[in-house]
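What follows is a single structure, written as structure tokens, with notes after it.
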Amino acid sequence: MPAPGEEKIVFGMKESEWTEFSFFEHQLGVLDTKANNVLMTDSVLIIIITLTSLFQTGVPHEVKEIASLATVTVLVSVIFCIRVIWTTWAVVDPKEGAKPSREEVIRTRNVKTFALKCSLIVLVISLILYIAALVIFGLQ
């Protein structure tokens, strides 16, 4: 039991440090969950675009080009999501005694947040392209 005025140690950190670290670690988990949801949406879009546009007969060339561009942008969105779910700080050998600093966890969170935002922006672009392909197909 810690002496009065001393913080107890949790996983090699003062309790206040552990609480702060847990908060940032939770945020990383939230980002991973959101990225997984975007990846599922990307996967469904890839299947829909491929089945409805690329392999269907009688589809105008312009529609296939726009649908192909939409597929490429979905794949770019997947690349950004992979950056979000890529975990490097958690694979440090515990024997080395290295633990991520607060600043490292915050930097990791910020990079992952930026990648998730980029992924969502690219996903919206792909949806716009897919809608354009459908509109062009409907006009012809």
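Rule-based calculations on the coordinates, nothing more; no lab input. Everything numeric here is computed off the predicted structure, so don't read it as measured data. Reconstructed Cβ throughout: ideal geometry from the backbone, glycine too, with neighbour counts over all protein chains shown.
Highest first, please rank the peptides 62-72, 16-26 by the mean number of other Cβ atoms sitting within 10 Å of their residues.
Those peptides, ordered most packed to least, come out 62-72, 16-26.
Ranked highest first by average number of other Cβ atoms within 10 Å, how do 30-39, 121-130, 73-82 line up?
So the order, starting with the most tightly packed, is 73-82, 121-130, 30-39.
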